[in-house]
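Report on the following structure.
The values are calculated or read from the model by the stated rules, or taken from the named source; none is laboratory data. Just so it is clear, the model here is predicted, and its values are computed rather than measured. With ideal geometry, Cβ positions are generated from the backbone for all residues, glycine too; neighbour counts draw on all protein chains shown. Ligands, DNA and RNA are stripped out before the accessible areas are found, and what is left, the full protein with its side chains, is counted by its heavy atoms. Shrake-Rupley method; radii C 1.70, N 1.55, O 1.52, S 1.80 Å.
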Amino acid sequence: MNYGITRDQAFELVHAHIKNPNMIKHCLASEAVLRAVASHLGHDPEKWGLAGLLHDLDVEIVDADLSVHGLETEKMLRGLGVDEDIVTAIVLHNEEAHGRPRTEPLHHALAAGETLTGLIIATTLVYPDKKIKSVKPKSVRKRMKEKAFAASVNREIITECEKIGIPLDEFIVLSLQAMQGIDEELGL
């Protein structure tokens, strides 16, 4: 399918607009998770993966200001003719930049998936070997309950996975496996 941008073009955009290597890794992790969720639900992994890869394209441009984060990405991607579903999901992944609710499976998947990547990485970093392949789903689930651990990770957003029919424990397994599949790219 044609989404107005290829994966290679999207990755070039990420590198052009994001300089922090950890933020680039977050985008790659989000792409992997979104591809896995799309496949699981019978949606197009390419489309959902592009949303995951591009979702934080403007984070450095807006200096992580959540009141506008996503809106610059929206302008850039619309100007390039990127698929409207992808653009809308990206805008809606950040609740503070708009007044519209998430309504579509892609919206919920992007918000939940990109948020869960942070909890999974934080969990990985407390493992002695700091290797994502060592992380067990039950460890992520345990950390999910510990509000002081990775306190900036909004657990409520992660539970939006249930709005797309994936129970939390299954979502954790699916997301963790997706990230483990790109462990070398993540440097974990």
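Remarks
- Sub-8 Å Cβ pairs linking a first residue in the range 103-122 that is farther than 20 Å from Asp44 by Cβ and open to solvent by less than 10 Å² (accessible area, probe 1.4 Å) to a second residue that is aromatic (Phe, Trp, Tyr) and at pLDDT 95 or above, at least 6 apart or interchain, are Leu116/Phe171, ordered by first then second residue.
- Tally of residues being part of a helix (DSSP H, G or I) and more than 18 Å from the chain's Cα centre (by Cα) across the range 142-179: 3
Yes or no, residue by residue, for (1) open to solvent by 10 Å² or more (accessible area, probe 1.4 Å); (2) small (Gly, Ala, Ser):
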residue: Leu66; (1), (2): yes, no
residue: Thr73; (1), (2): no, no
residue: Gly79; (1), (2): yes, yes
residue: Val91; (1), (2): no, no
residue: Glu95; (1), (2): yes, no
residue: Gly99; (1), (2): yes, yes
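- Of all residues in the range 39-76, those being under 18 Å from the mean Cα position of the chain (by Cα) and farther than 16 Å from Asn94 by Cα number 11.
- When residues of the range 26-45 are limited to those that are open to solvent by less than 60 Å² (accessible area, probe 1.4 Å) and charged (D, E, K, R), the one nearest to Thr124 (Cα to Cα): Glu31
- Residues in the range 157-188 that are polar (S, T, N, Q) and open to solvent by 30 Å² or more (accessible area, probe 1.4 Å) were compared, and the one that is nearest to Pro21 (Cα to Cα) is Gln180.
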